[in-house]
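Student: Dropping the structure in here first, questions after.
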Amino acid sequence: MLRRVLIANRGEIAVRVIRACRELGIETVAVYSEADRDSLHVRLADKAACIGPPQATRSYLNAGSLIGAAMYVKADGIHPGYGFLAENAAFSDECAAAGVKFVGPTGHAIRRMADKAVARAVAAEAGVPTVPGSDGKAVDADGLAAVAGKIGYPVLIKAAAGGGGRGMMLAETPDRLSRNALSAQAEAQAAFGDSSIYLEKYIGNARHVEVQVLGDGRGGVVHVGERDCSMQRRHQKLVEEGPCPVIAPALRKGLHEAAVSLAASVDYEGAGTVEFLVDLDADAFYFIEMNTRIQVEHPVTEMLTGVDLVREQLLVAGGEGLSLRQKDVKLRGHAIECRVNAEDGARNFMPSPGTLSAYVAPGGPGVRVDSHCYAGYAVPPYYDSMIAKVVVWAPDRAQAIDRMRAALAGYVIDGIPSTVPFHLSLLDSEAFRTNAFNTQWLEKNIERVMPQENTAA
Ligand code: ADP
């Protein structure tokens with residue numbers, strides 16, 4: 001069992017990890033940048049260390065100072081949360097070299113999945129269907145045109161190092177291919193320091209469905225059901241739910257089995273997510289990527305199954321192994337998560353950091369709020385704008401929607417705009433209620449869901 005864990009992250013996920021550690025009797029050490037002195041994770045941890053200035057590159061992304069801090073406080077584990085260094089293979093290796101257990105997969109497993117072009121090949125080897133596209137990396141213009149011609153337009157140009165929807169460009173016709181490929185490469189270079197790109201067939205009518213897995217690091221893998229994350233803006237998830245309400249049992253079973261065989265093929269350790277696109281026109285599914293970490297939307301699965309995913313991560317990292325087998329995983333009812341961001345939905349989702357003059361989170365049966373916020377807390381401008389996740393559980397989808405409506409309607413967030421009004425409007429939309437949407441729907445209907453303020457007037 002781990003004895004003392006340093007949490008190399010901030011915000012709600014740091015709070016989440018501290019809670020799981022506390023239940024297991026593991027001591028916690030928070031780290032914080034100068035901008036996060038007043039964050040809840042600093043107050044809740046047993047110990048806290050300031051690791052640098054607000055800029056993430058000089059604090060939460062500074063591997064050397066994080067490992068140094070872990071050694072100084074004699075931590076025997078580092079939990080990376082999500083984002084920052086969570087999917088950094090070198091960081092996982094450096095932790096191991098320093099004798100501090102990285103709570104997550106080995107550097108080797110991360111490397112097999114981090115480059116999305118390589119991950120496609122690993123998936124294909126494991127017998128998992130991938131979106132028709134290029135094999136390995138496609139970089140030069142001639143190669144691109146040949147592959148695109150073979151798979152057929154429209155094609156999606158994607159960054160091999162991609163994440164957060166960046167470095168992704170659609171080419172609907174051949175004349176757009178090279179120009180859009182150059183833009184994708186430039187964006188990928190700026191965002192990831194790696195301009196490698198690859199091609200996939202563009203699946204126009206799809207749902208994003210992902211399978212939660214847990215691995216023991218020795219080839220033993222269980223799946224913990226799937227989540228549907230098709231409500232997206234700029235390829236970023238805004239609402240997640242489970243189970244996926246639009247797939248037949250045979251397809252669901254196929255997804256679960258594919259995710260398990262892929263994770264087992266890399267001796268996956270800890271919590272991971274295998275992401276797929278389900279082509280609604282073809283009744284088929286394709287692997288798109290694996291996230292080798294705990295995800296933002298993990299509470300959806302926890303509400304559905306009662307499994308504490310962070311606890312399982314800590315147990316595996318501490319050598320205890322998984323506490324559950326596949327037959328122990330039982331899904332019940334329906335769960336939905338809304339990501340509440342400090343953004344102004346009516347002004348093109350402009351980030352809106354500032355002080356929460358009043359703050360009261362919703363509660364009641366089947367309602368969970370993961371957040372680091374409290375009344376008087378100042379949301380800093382330096383990091384991503386998520387301030388809370390509201391997650392509800394109910395016996396069925398319709399009741400879960402009603403419960404989410406009630407929870408959000410009673411959420412007191414004063415002093416700064418938030419995306420609560422956007423979510424309330426989305427929950428009321430016919431498309432959401434009747435499941436008549438795909439991954440494109442929100443982007444195309446955003447004006448209807450959230451009329452934009454005319455700032456020119
Ligand atoms: P990232 O790692 O940047 O999040 P992903 O590969 O996970 O990128 O894809 C993010 C989203 O982009 C998907 O959920 C989906 O909406 C869209 N997308 C990705 N690949 C395709 C594709 N081949 N066809 C259509 N949409 C896609």
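The values are calculated or read from the model by the stated rules, or taken from the named source; none is laboratory data. None of the values given here were measured: they were computed from a predicted structure. Every residue, glycine as well, gets a Cβ built from its backbone with ideal geometry; the counts of neighbours run over all protein chains shown. Side chains included, ligands, DNA and RNA excluded: accessible areas come from the protein's heavy atoms. Shrake-Rupley method; radii C 1.70, N 1.55, O 1.52, S 1.80 Å.
Student: Among 313-324, 237-248, how do they line up by average Cβ neighbours within 10 Å per residue, starting with the highest?
Tutor: Averaged packing, sorted descending, gives the order 237-248, 313-324.
Student: What ranking do 271-278, 57-64, 16-23 get when scored by the average of other Cβ atoms within 10 Å per residue, highest first?
Tutor: 271-278, 16-23, 57-64
Student: Would you mind working out the accessible area per residue for the chain, using a 1.4 Å probe, and quoting it in Å²?
Tutor: Accessible area per residue: 39 Å².
Student: Helix-only mean residue ellipticity at 222 nm, the chain, DSSP H runs n ≥ 4 weighted -39,500 (n - 2.57), per residue, nearest 500. What is it? It would help to have the intermediate numbers written out before the result.
Tutor: On the way: 15 runs with 156 residues, N = 457.
After summing the helix terms and dividing by residue count, I get -10000 deg cm²/dmol.
Student: Which one of His334, Phe349, Pro129 is farthest out on the positive end of the charge dipole of the chain, using unit charges on Cβ (Lys, Arg +1; Asp, Glu -1) and the Cα centre as origin?
Tutor: His334
Student: With a ≥ b ≥ c the root eigenvalues of the C-alpha gyration tensor of the stretch 361-457, is it rounded (a/c under 1.5), prolate (a/b larger than b/c) or oblate?
Tutor: Oblate, since a/c reaches 1.5 and b/c is not below a/b.
Student: Another question about this same structure. How large is the accessible surface of Phe349 in square angstrom, using a 1.4 angstrom probe and rounding to the nearest 10?
Tutor: So the heavy atoms of Phe349 present about 10 Å² to solvent.
Student: I've got another one for you. Evaluate the charge dipole of the stretch 245-343 about its Cα centre and quote only its size in Debye, nearest 20, assuming +1 on the Cβ of each Lys and Arg and -1 on the Cβ of each Asp and Glu.
Tutor: 420 debye
Student: Something else about it: Given 0.36 nm per residue, what is the gain on full extension from Asn348 to Ala98 after removing their alpha carbon distance, in nm?
Tutor: Working: separation 250, 0.36 × 250 = 90.00 nm, distance 4.49 nm.
Length difference between fully extended and current span is 85.5 nm.
Student: Between the stretch 79-129 and the stretch 248-297, what is the separation of their alpha carbon centroids in Å?
Tutor: Cα centres, the stretch 79-129 to the stretch 248-297: 16 Å.
Student: From the residues Val449, Gly363, Asn180, which one has its Cα farthest along the dipole of the chain in the positive direction, the dipole being from +1 and -1 charges on Cβ of Lys/Arg and Asp/Glu about the Cα centre?
Tutor: Checking the options against the dipole of the chain, the answer is Gly363.
Student: Another question, then. Which distance in Å, rounded to a whole number, links the C-alpha centroids of the stretch 385-417 and the stretch 141-217?
Tutor: So the two Cα centres are separated by 33 Å.
Student: When the dipole is taken about the Cα centre of the stretch 4-103, and only Lys, Arg (+1) and Asp, Glu (-1) are charged at their Cβ, what size is it in debye, to the nearest 20?
Tutor: Taking the Cα centre of the stretch 4-103 as origin, the dipole is about 200 debye.
Student: Which residue, Ala45, Pro80, Phe91, has the largest displacement toward the positive end of the dipole of the stretch 4-103 when charges sit on each Cβ (Lys, Arg +1; Asp, Glu -1)?
Tutor: Comparing the listed Cα positions along the dipole, Ala45 ranks first.
Student: Something else now. By a straight-distance test (C-alpha under 20 Å), which lysines pair with Lys158 as possible cross-link partners, with residues fewer than eight away in the same chain excluded?
Tutor: Lys116, Lys137, Lys150, Lys201, Lys237
Student: What ranking do 113-121, 333-341 get when scored by the average of other Cβ atoms within 10 Å per residue, highest first? It would help to have the intermediate numbers written out before the result.
Tutor: Details: 113-121: 20.8, 333-341: 24.3.
Top of the packing list down: 333-341, 113-121.
Student: Based on Cβ point charges of +1 for Lys and Arg and -1 for Asp and Glu, what charge dipole magnitude is obtained for the stretch 362-440 about its Cα centre, in debye rounded to the nearest 20?
Tutor: Here the stretch 362-440 has a charge dipole of around 140 debye.
Student: Another question about this same structure. With the full set of protein chains in place, find how many percent of the accessible area of the chain is carbon and sulfur; take the probe as 1.4 Å.
Tutor: 51 percent
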